[in-house]
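What follows draws every value from the coordinates through simple rules; no lab data is involved. Quantities reported herein were computed from a predicted structural model and do not represent experimental measurements. We place every Cβ from the backbone using ideal geometry, glycine too, and count neighbours over all the protein chains shown.
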């Protein structure tokens, strides 16, 4: 993000927008709109002055500034707040000012670096919907950085998952959610359970692995071999209590978390690994449980 914005020099390669190299340009000459975790509003300027600052620096005529600022303020639904100072606004309103300031210059690209991380849960949901609405209305290309899986899935047309500066997978949200190519992508997409095992059988894309003496089936994301060390990944909602069987994992319940509409439990296996599972209202702390993993939802990756 910093390299695209021009705040950090590239050490190799180049940055291109519409086949034009832009990493040789100064940040102010790239013309991008930017929204950061810290709203970076001028505290002594009104909402109107903050939004119009970029246009003023570009020498835009006053009449044009007023027209475009009014449009941007209306787009982020801050009508009636134009003369207030940032200190008189809520966190959500300040973020709307930052967004209006970014879009009013009509940039070829908008950069958003974790813009909602300072907001409480309710405001994050509201602003997420607002950002999506504004994006759909403008149709502008936006690069949005987040560590929040829900934000990524709800806002993106395409997701890029990076780890240690390396691209791990690129695709539409449904592909990454249902068919992650790597274990670390699966972890980001909510596969909280990761259990080591060894392949005992293979049938097409399906594989059976041995975990603590139990035989667990799942979908292999890459070709595997009998005897290969692997890791099974599963979401909590795909692990549930059931009758004891060779295809069930034995564990002891350690925690039960009430989420309003359901319960989530954590159980400890004899080998020390934990499993997060969809629990019933009758689950008891310290009780022994048999946990089954949905074979159509569990994924198997090389260790």
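A few points about this structure:
- On full extension, the segment bounded by residue 222 and residue 84 gains 44.0 nm, given 0.36 nm per residue less the C-alpha separation.
- Paramagnetic reach from residue 194 (point 7 Å along Cα→Cβ, amide N under 20 Å) across the range 228-261: 228-239
- Added length on full extension, which subtracts the Cα-Cα distance from 0.36 nm per residue, residue 25 to residue 285: 87.5 nm
- Per-residue extension of 0.36 nm, minus the Cα-Cα distance of residue 162 and residue 270, leaves a gain of 35.5 nm for this segment.
- The calculated FRET efficiency for residue 37 paired with residue 9, based on their beta-carbon distance and R0 = 35 Å, is about 0.95.
- Among 34, 1, the ranking by other beta carbons within 10 Å of each residue's beta carbon, starting with the fewest, stands as 1, 34.
- Share, in percent, of DSSP beta bridges within the range 194-302 that are antiparallel, nearest 5: 95 percent
- Shape of the range 252-303, Cα gyration tensor, a/c cut at 1.5: oblate
- Cα gyration tensor shape for the range 194-302, rounded if a/c is under 1.5, else prolate or oblate: prolate
- Relative contact order, whole percent, for the range 31-157 stands at 34, derived from Cα pairs under 8 Å and 6 or more residues apart.
- Gyration tensor verdict on the range 146-253 (Cα atoms; rounded if a/c is under 1.5, prolate if a/b is larger than b/c, oblate otherwise): prolate
- Rel. contact order, % - alpha carbon contacts under 8 angstrom, at least six apart, the range 194-302: 32 percent
- Label positions at residue 205 and residue 179, each projected 7 Å from the Cα along the C-beta direction, are separated by 0.6 nm.
- Sorted by Cβ density within 10 Å, fewest first, the residues 231, 76: 231, 76
- Listed values [x] 19.0, 60; [y] 24.7, 76; [z] 28.4, 123, entry calculated as Rg and Dmax of the Cα atoms in Å: [y]
- For the chain, calculated [θ]222 nm from helices alone, where every DSSP H run of n ≥ 4 adds -39500 (n - 2.57): -8000 deg cm²/dmol
- Candidates 51, 185, 15, ranked by Gaussian network fluctuation over the chain, Cα under 10 Å, top entry: 15
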